[in-house]
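The values are calculated or read from the model by the stated rules, or taken from the named source; none is laboratory data. All of these numbers come straight from a predicted model, not from anything done at the bench. All Cβ positions, glycine included, derive from the backbone under ideal geometry; neighbour counts span all protein chains shown.
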There are 2 protein chains.
Amino acid sequence: MEDIFSYLKDNQSGSLKDLVDYLEIPSISSDPNHKQEMVNCAEFTAHLLKNAGLDEVTVHQTKGHPIVTGSWRKAQNKPTVLIYGHYDVQPVDPIPLWTNPPFSPHIENQRIYARGSADDKGQILMHIQAIKAILAVKGELPINVCFVIEGEEEFGSANLPQFLVDHGNELKADVALVSDSSMWEEGFPAITTSLRGLLFLEMTLTGPNRDLHSGTFGGAVANPLEILSRALAQVKDQDGRILIPGFYDSVKPIPDSIREQHKTLPFDKNSYFTNIGVDEGWGENGYSTLEQLWLRPTFEINGIWGGFINPGAKTVLPSQAHAKLSLRLVDGQDPDNIEKLVTGFFKATLPKSVKLTMSRVTGGGRGVSVPNDFPPLIAAKKALMETFNQEPLLVGEGASIPVVADFKSTLDLTTLLIGFALPDACPHSPNENMHIPTFHKGTESLVRLLYYL
Amino acid sequence: MEDIFSYLKDNQSGSLKDLVDYLEIPSISSDPNHKQEMVNCAEFTAHLLKNAGLDEVTVHQTKGHPIVTGSWRKAQNKPTVLIYGHYDVQPVDPIPLWTNPPFSPHIENQRIYARGSADDKGQILMHIQAIKAILAVKGELPINVCFVIEGEEEFGSANLPQFLVDHGNELKADVALVSDSSMWEEGFPAITTSLRGLLFLEMTLTGPNRDLHSGTFGGAVANPLEILSRALAQVKDQDGRILIPGFYDSVKPIPDSIREQHKTLPFDKNSYFTNIGVDEGWGENGYSTLEQLWLRPTFEINGIWGGFINPGAKTVLPSQAHAKLSLRLVDGQDPDNIEKLVTGFFKATLPKSVKLTMSRVTGGGRGVSVPNDFPPLIAAKKALMETFNQEPLLVGEGASIPVVADFKSTLDLTTLLIGFALPDACPHSPNENMHIPTFHKGTESLVRLLYYL
């Protein structure tokens, strides 16, 4: 592959030029005033794909912003990799905190600063450049590839799931590849091998048929806020273990190999907690912080409201109490089943005079995990090791990436998440940036990956 | 006293005329646009007192609405009764639900409908008419009286406590009399012999230094909403008993005589709970509903808020959680001490990573109770019995009437609460009304009371 790497080296300024052009398009998907820029950015994405030598490049209209696809499928009897990315970006507020305008890419200290440089235009472009280089030098790719680049990732990906259903045949592949995450630190590549799923519920408890005076009625009537507190307090025991019957039934134990691997990760627990201003961690006993964050399911209260919540005093015994709840699920847990278990658990805690309604607000994504012996994972480890001269860290992600769950459920694809943003890349924040040497090295590793897959 | 009763009978239309004039003044204390009407109403109250033959009638300016006083102190070596009332009224929304305009008194079915008819202008006027009649017929009163009629009761009585301090000498008395409550039902007089005090607190729990992503951080960081739920759930045991150490230390057991008396009260527990739409009561085991409402202290949650409380989903692990709490205290419990106990209790429940701040929003009124052998109580029972031909019921009130606590703490006065509104008088609601026969009978009972005191 040395000839490909030489080509890449010779064309670094061209790659950067493409990146600058890409970053200059203010593709803020959540801002209705940027609708035309979104179209422009989809067209430019298509142009980049065509220019790299991909076939069947198409800009698909959706009810929202366009989805761009392109493929190269001439490697007979070879596997296919589906590469996902998004060309839309987050809003740029607060603008005064940007050192340079967010859509005027600025290069300084080996970094390029602009909205989208890390999340995700820079990382998309690495994949495109890798393929462009192979096709330019070799005339063909070692495997088949297929791109799906959407424009609504920062805005809920409302139209992607149906698109995957509708285009299942064209998108047939053997593995998915997503570069929309971070390295552990500069020079330390990381592969995300587990993601938690999400179930987001809203519960309402209703007691008396109207708000009551808490002096006149207090003491003889169940207060929905008190019943809610009691119900929520019963969810976990003193060890932080969730007491909802059946909740852990399909949760597999964490393999010893993973536990050992975590111990080798350069994770500084103290600075992690100091950074968020708490004196200590607080979670399920018997698990390390990283296991709590990446590999164990959670029950989290995202909001509670009820009664009088304005300044001052009002002695009300409210008719209703509300809570928003989110459960992070791990591989094996079925969101529909968990929702039933949660509802049943709360129903059983209530006195007769308080009624429960439970509804799903969003979510339903399952947790996913990549087995240690998954061949594409082994290929990725090799590609990253050879490029960065550093064994890649296998990490988890506590949050959910819905597209990964969608790839699994709709296309039956396992996803490899290999990210090239540095930890201080500031995605979603002012002064977002991409480290240029990592941009080039990452591209090199992606060339290797296409060969090893 | 027959001559006095004849006088009252002959002057019923004059009394009603005074009431109508009084009710026509829209003295809504909480509405800044009604400032002039408040002054007018204070002046009219003074006019009624003067017209009844009281001396030293004065309209005192305050930082808010005026306070009106008047007295008659010519009964040497006789006790003095302080009569309290308020000339201000609640707002009148929602106006469409009034059958007649709220400040155009309308007589129908032996009732006079208008805002303030029951709460409290009608009841003030009964006291004034009783004194007017005695003075008109006898030329002197059997005891000394002193009126304090304020204009901010429906608005927090902000200026009354200081007024009582500043005018302690002029207001010297042996017992206080307040008619601002209800009969048990038509023909069934009631004397309120216990009131609960109030301590209103606001607590805030602070965990991480900012709102966190509940996917990324959930599972390893104490969530203030969860800690709040756990803390609040620990306040009571399964029997509804408050577990805050020391909370009950100065609570006296309910005397057997009171418990027996309660059993004779025509209280229909089922319709009480049906009316507010709950299947059953829920309170401290071992106490009847009335005991729970009137004679036992409570811990009530009036509001909880924190995290994301708007429509939709946001996976936030919030930095803070808040609750508004009110404790109803009974005779013997010291609010300052209870606040310390509550704060200490919550502090002890928290993990190291969550901090508590507790502040008092309002309240601090102690609970009060009138001993069964208190001579003015015996006098009041006799006066009501003779008038209504029905033994008055001795009841409690779960809510707080701050002025009663202030009379105790500032003037060392025990207060008798004798109310003449009927249970369907709709105070604070549309179509507030006063039952005219009860208005006249009540006036008669107050004449007797002045003689028996």
Checklist entry - Is it the case that some residue within the stretch A:266-279 is more than 7 Å from every other protein chain (Cβ to nearest Cβ) and touching a residue at least 24 places away in the same chain (Cβ under 8 Å)? => result yes
Checklist entry - Inside the stretch A:199-220, can you point out the residues that are within 7 Å of chain B (Cβ to nearest Cβ), in contact (Cβ under 8 Å) with a residue 12 or more places away in the chain and in contact with a Lys or Arg (Cβ under 9 Å, 6 or more places away or on another chain)? => result A:F200, A:G207, A:S214, A:G215, A:G218
Next on the checklist: So B:I149 ticks every box in (1) in contact (Cβ under 8 Å) with a residue 40 or more places away in the chain; (2) surrounded by fewer than 24 Cβ atoms within 10 Å (Cβ to Cβ); (3) of a type outside the set (S, T, N, Q) but one. Which box is left unticked?
Outcome noted: (2)
Checklist entry - How many residues, within the stretch B:163-172, are out of contact with any helix residue (DSSP H, G or I) (no Cβ under 7 Å at 6 or more places or on another chain), touching a residue at least 60 places away in the same chain (Cβ under 8 Å) and not charged (D, E, K, R)? => result 2
Checklist entry - Tell me, which helices (runs of 4 or more DSSP H) lie completely within the stretch B:327-431 with 3 or more residues that are polar (S, T, N, Q)? => result B:335-349
Checklist entry - Any idea which of (1) small (G, A, S); (2) crowded, with 20+ Cβ neighbours inside 10 Å; (3) under 12 Å from the mean Cα position of the chain (by Cα) is the one A:A425 doesn't satisfy? => result (3)
Checklist entry - Any idea how many residues of the stretch A:354-380 are of a type outside the set (S, T, N, Q) and touching a Pro at 6+ places or on another chain (Cβ under 8 Å)? => result 8
Item to check | Residue check, A:V404 of a type in the set (A, V, I, L, M), touching a residue at least 60 places away in the same chain (Cβ under 8 Å), in contact with a strand residue (DSSP E or B) (Cβ under 8 Å, 6 or more places away or on another chain) and crowded, with 19+ Cβ neighbours inside 10 Å | outcome: yes
Next on the checklist: What pairs come out if I take residues in the stretch A:304-326 that are more than 7 Å from every other protein chain (Cβ to nearest Cβ) and pair them with residues that are of a type in the set (S, T, Y) whose C-beta lies under 6 Å away, six or more apart or interchain?
Outcome noted: A:Q320/A:T204; A:Q320/A:T206; A:H322/A:T204
Checklist entry - If you check B:I124, B:I83, which single one turns out to be under 17 Å from B:G419 (Cα atoms), in a helix (DSSP H, G or I) and touching a strand residue (DSSP E or B) at 6+ places or on another chain (Cβ under 6 Å)? => result B:I124
Checklist entry - For the stretch B:177-229, what are the residues that are assigned to a loop (DSSP other than H, G, I, E, B) and of a type in the set (D, E, K, R)? => result B:D180, B:E186, B:R196, B:R210, B:D211
Checklist outcome for this item: Scanning the stretch A:336-394 for residues that are of a type in the set (V, I, T), away from chain B (no Cβ under 14 Å) and within 18 Å of A:T298 (Cα to Cα) gives A:I338, A:V342, A:T343
Checklist outcome for this item: Being in contact (Cβ under 8 Å) with a residue 12 or more places away in the chain and in contact with a Lys or Arg (Cβ under 9 Å, 6 or more places away or on another chain) narrows B:A118, B:A133, B:A114 down to just B:A114
Next on the checklist: Quick check on this structure: which one of A:K441, A:K382 is assigned by TED's automatic domain parsing to the domain that holds A:S71, over 24 Å from A:E170 (Cα atoms), in contact with a Lys or Arg (Cβ under 9 Å, 6 or more places away or on another chain) and of a type in the set (K, R)?
Outcome noted: A:K382
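Let's see how each residue does on (1) small (G, A, S); (2) within 14 Å of chain A (Cβ to nearest Cβ); (3) crowded, with 22+ Cβ neighbours inside 10 Å:
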{"site": "B:A222", "(1), (2), (3)": "yes, yes, yes"}
{"site": "B:Q234", "(1), (2), (3)": "no, yes, no"}
{"site": "B:Y248", "(1), (2), (3)": "no, yes, no"}
{"site": "B:R259", "(1), (2), (3)": "no, no, no"}
Next on the checklist: Go through (1) over 22 Å from A:D166 (Cβ atoms); (2) in contact with a His (Cβ under 6 Å, 6 or more places away or on another chain) for A:S29 and report which single condition fails.
Outcome noted: (1)
Checklist entry - With A:A118, A:A136, A:A46, A:A130 as the choices, which residue is in a helix (DSSP H, G or I), closer than 21 Å to A:S182 by Cβ and assigned by TED's automatic domain parsing to the domain that holds A:G14? => result A:A130
Checklist entry - A:E386 is checked against (1) modelled with pLDDT of 95 or more; (2) surrounded by 20 or more Cβ atoms within 10 Å (Cβ to Cβ) and fails just one. What number does that condition carry? => result (2)
Checklist entry - Given the structure, is B:F188 within 14 Å of chain A (Cβ to nearest Cβ) and at pLDDT below 95? => result no
Item to check | Selection from the stretch A:288-303 of residues that are in contact (Cβ under 8 Å) with a residue 24 or more places away in the chain and either of a type in the set (V, I, T) or more than 7 Å from chain B (Cβ to nearest Cβ) (or both) | outcome: A:S288, A:L290, A:E291, A:W294, A:L295, A:P297, A:T298, A:F299, A:I301
Next on the checklist: Filter the stretch B:86-112 down to the residues that are assigned to a strand (DSSP E or B) and surrounded by fewer than 24 Cβ atoms within 10 Å (Cβ to Cβ) and list them by number.
Outcome noted: B:H106, B:I107, B:E108, B:R111, B:I112
Next on the checklist: Can you say whether B:E56 is in the same structural domain as B:H428 (by TED's automatic domain parsing), more than 24 Å from the chain's Cα centre (by Cα), acidic (D, E) and assigned to a helix (DSSP H, G or I), as far as the supplied structure shows?
Outcome noted: no
Next on the checklist: What's the total number of residues in the stretch A:162-189 that are within 30 Å of A:N302 (Cα to Cα), out of contact with any Pro (no Cβ under 6 Å at 6 or more places or on another chain) and surrounded by 18 or more Cβ atoms within 10 Å (Cβ to Cβ)?
Outcome noted: 5
Checklist entry - With B:Q234, B:Q261, B:Q238 as the choices, which residue is in contact (Cβ under 8 Å) with a residue 60 or more places away in the chain and within 23 Å of A:I227 (Cβ to Cβ)? => result B:Q234
Item to check | Number of positions in the stretch A:173-185 that are modelled with pLDDT of 95 or more and farther than 15 Å from A:A380 by Cα | outcome: 1
Next on the checklist: Can you tell me which of (1) under 24 Å from the mean Cα position of the chain (by Cα); (2) part of a helix (DSSP H, G or I) is the one A:S250 doesn't meet?
Outcome noted: (2)
Item to check | Unmet criterion (only one of (1) farther than 30 Å from A:F217 by Cβ; (2) touching a Lys or Arg at 6+ places or on another chain (Cβ under 9 Å); (3) not in a loop (DSSP other than H, G, I, E, B); (4) not β-branched (V, I, T)) for A:R259 | outcome: (2)
Item to check | Single match in A:L329, A:L325, A:L317, A:L356 (criterion: under 21 Å from the mean Cα position of the chain (by Cα), of a type in the set (A, V, I, L, M) and within 28 Å of B:A323 (Cβ to Cβ)) | outcome: A:L325
